[in-house]
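The values are calculated or read from the model by the stated rules, or taken from the named source; none is laboratory data. Bear in mind the structure is a predicted one, so any value in this text is a computation, not a measurement. No Cβ is skipped: glycine too gets one built from the backbone with ideal geometry, and neighbour counts run over all protein chains shown.
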């Protein structure tokens, strides 16, 4: 049995005025940076140590009540996540904009599916030319281990209260009725996605539908298609956000610390993915995902 201890140290930001968006800033010309890294799910850590969508929601909610924060930059590097988690974050983004705060998205390596869903709700989207984005669509993945269990001599018996109570069971095939039910869930969530992009990007819905077949775009392709606004890195996104908010000169920048928070979020996401696999056999977890696969 192996045991180990991981020691983490936190370095103070070199040019940030504050590393906690909840802390009061003395400047009234503040831009807050919120990082959304990795798969986006509701946190599975009751203690709240590991960051999930609920942590992002709390941070955005606190920023909305701060008069000194004039703009928020969402630094997104994510392939997407669960429908509910993505929509919870979008609700807070829309509240920020309703409260007259500028929201700018800065895309990283990948800002796809649910990541793009969130980005589409911001006032402006900045990406790199090589960023992968798009992947507008919904997916449900179900395991079927029926043949494997038959080979090893394992048989599952299910007692249920209704025909759909064990829908998605990995121990049998889907019935035609179940496939139809799942397709209805997919179609409804897909239409919500398309509507959100059309509204957020101020695009004709028919144009969005032509792009919403699950394909991935580079930054250059996305700009040509109207899915993003311009090219640049995270510093450019901060500059753009400050300018749109009417901030003169160099803004005060507050936000996520960086390495420590990213480690916790990546660790949380990795453990969540392991749990997802185990749940296929244990709890038959069924979840709608806005996810790049």
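Pairs linking a residue in region 90-116 that is at positive phi and buried (at least 24 other Cβ atoms within 10 Å of the Cβ) to a residue that is at pLDDT 95 or above and assigned to a helix (DSSP H, G or I), with Cβ atoms under 9 Å and 6 or more positions apart or on different chains, are 113/86; 113/193. Only one entry of 76, 136 meets the criterion of being at pLDDT 95 or above, buried (at least 22 other Cβ atoms within 10 Å of the Cβ) and closer than 20 Å to residue 58 by Cβ, and that entry is 76.
Take residue 74 and decide whether it is part of a helix (DSSP H, G or I), free of Cβ contacts under 8 Å to residues at least 60 places away in the same chain and farther than 22 Å from residue 287 by Cβ. Judged against the criteria, residue 74 is not a match. The single condition among (1) surrounded by 24 or more Cβ atoms within 10 Å (Cβ to Cβ); (2) at pLDDT below 80 that residue 39 does not meet is (2). Listed conditions (1) free of Cβ contacts under 8 Å to residues at least 40 places away in the same chain; (2) touching a helix residue (DSSP H, G or I) at 6+ places or on another chain (Cβ under 9 Å) are all met by residue 139, apart from (1).
So which helices (runs of 4 or more DSSP H) stay within region 176-242 end to end and still have 3 or more residues that are under 24 Å from residue 108 (Cα atoms) and at pLDDT 95 or above?
176-200, 219-225
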